[in-house]
Amino acid sequence: MTGTPHSSLSHLECSRTATTYDADVVQGLSEVGAPLLARYDLERVRTTVTREEIAGRPPSLWRYHEVLPVRDPACVTTLGEGMTPLLPLPAFGRAIGVPHLLMKDEGMVPTGTFKARGAAVGVSRARELGVRAVAMPTNGNAGAAWSVYAARASMGSLVVMPVDAPEICRRECVVAGAEVYLVDGLINHAGALVKAAVEERTGYQDVSTLKEPYRIEGKKTMGYEIVEQLGWRVPDVVLYPAGGGVGIIGIHKAMLELRELGWIGEELPRLVAVQSTGCPPIVDAFEAGLDESTLKEGTHTLAFGINVPKALGDFLVLRAVRESGGTAVAVDDREILAELRNLAAAEGVWICPEGAACLAAARQLRESGWIGEHEQVVVLNTGTGLKYPETVTAEVPVLRREGRVPSPR
């Protein structure tokens, strides 16, 4: 079909009050301090676009452009992100009693993590709205991705990250020309510094997690892709590592949109928010029956991407989990490291600690019976293990030139 608009974006909506906001000006939080969500004319999309048409488009997240916020295709800033593999994990799945286990491998996107999705869409929309530079706090990977895409769009970038953030992410920001600072603290401390800096600078937009509406739109394409890759069906369960929680919020948003479009049935996958026992604010809130979490002090986990003591969108994560009939699970660092190594040995895939946390949670939920033996389960690996070399020790023997390789034991 021809003549359809590039985007069917209609307005923005407060996630707490449903108050509407103009989508064609730069927006931050709503008047009540809540994230804004992009809304689309889905009726128009349903009557002008088919699943078959989408399936024939180039294999990037921009194949879903009608339900993405960029109106002018010339503003699309891309490095080929999206359509990551949905890999069967037969050996590992059998070992934990989940033979129909699949992994959405986000380590294959530009910059090596799922953060490229949010950066691609967020930077593209900021560019379209005339933003000169983006500014953000980060635990590492988001700052790297936004710096790279800002450079691609000829925009400036300001990044503040904890001193303990992975050094490779710092290097990625620097090589992309970002203005980078470290803070002796956690991401919430970095966020306070960014907020103050943006107030003093003209043309800068604070693109902290959920403080602009469009990062979530890039992340939701993981949900669209999973459904399309499964032949326009939904899996039974999706496990996601929840720090800021944008990904799980986005996947839930995608499922609701897909259902309204009539591209899937009524039943949605059960969503699982996975955290570390060293930083479990959303898990604690879920178990206590609360609508939002409480700030955690002194948090620590090797899965640095989910070390978020208090997420702005925690209430949206909890809403997504509960509306889908899902749950929230915390696993410890020992389990995370064990599953990271188990998967690499069983399937030949080196994933990030956050992704390994989802595998540990899948094992735990299968053992408890919450996941059934015959259910189709998707775990999200949010980045390549190559960005986390410290998770694996490599102490190996050195042979003399005139020596020989020992016989197998």
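Below, the figures for the structure above:
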quantity	calculated
Among residues of the stretch 359-382, those that are open to solvent by less than 10 Å² (accessible area, probe 1.4 Å), more than 14 Å from L343 (Cβ to Cβ) and of a type in the set (G, A, S), counted	0
Answer residue from the stretch 199-210, given it is outside any loop (DSSP other than H, G, I, E, B) and touching a helix residue (DSSP H, G or I) at 6+ places or on another chain (Cβ under 8 Å) and is most open to solvent (accessible area, probe 1.4 Å) among those	Y204
Matching residues, the stretch 309-334, being out of contact with any strand residue (DSSP E or B) (no Cβ under 7 Å at 6 or more places or on another chain) and either aromatic (F, W, Y) or surrounded by 20 or more Cβ atoms within 10 Å (Cβ to Cβ) (or both)	A311, L312, G313, D314, F315, L316, L318
Every residue from the stretch 384-407 that is among the basic types (K, R) and part of a loop (DSSP other than H, G, I, E, B)	R400, R401, R404
From P90, P73, residue being under 30 Å from E373 (Cβ atoms), modelled with pLDDT of 95 or more and open to solvent by 20 Å² or more (accessible area, probe 1.4 Å)	P90
Residues within the stretch 181-198 that are open to solvent by less than 30 Å² (accessible area, probe 1.4 Å) and closer than 17 Å to D164 by Cα, tallied	4
Selection within the stretch 262-281 - open to solvent by 10 Å² or more (accessible area, probe 1.4 Å) and in a loop (DSSP other than H, G, I, E, B)	G262, W263, I264, G265, E266, E267, L268, T277, G278, P280
Near pairs, Cβ below 8 angstrom, 6+ apart or cross-chain, from the stretch 183-196 (more than 12 Å from S208 (Cα to Cα)) to any residue that is in a helix (DSSP H, G or I) and open to solvent by 20 Å² or more (accessible area, probe 1.4 Å)	V183/H189; V183/L193
Flag if T138 is open to solvent by less than 10 Å² (accessible area, probe 1.4 Å) and either more than 24 Å from V317 (Cα to Cα) or in contact with a strand residue (DSSP E or B) (Cβ under 6 Å, 6 or more places away or on another chain) (or both)	yes
Conditions (1) touching a Ser or Thr at 6+ places or on another chain (Cβ under 7 Å); (2) crowded, with 19+ Cβ neighbours inside 10 Å: number failed by R63	(1)
Out of V331, V392, sole residue that is touching a helix residue (DSSP H, G or I) at 6+ places or on another chain (Cβ under 9 Å) and at pLDDT 95 or above	V331
Candidate set: the stretch 282-308, residues that are among the β-branched types (V, I, T) and not in a helix (DSSP H, G or I); chosen: the one surrounded by the most Cβ atoms within 10 Å (Cβ to Cβ)	V308
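The values are calculated or read from the model by the stated rules, or taken from the named source; none is laboratory data. The model shown is predicted, which means the values in this text are computed figures rather than measured ones. Note: ideal-geometry Cβ built from the backbone for every residue, glycine included; neighbour counts use all protein chains shown. Surface accessibility is based on the protein's heavy atoms, side chains included, excluding ligands, DNA and RNA. Shrake-Rupley method; radii C 1.70, N 1.55, O 1.52, S 1.80 Å.
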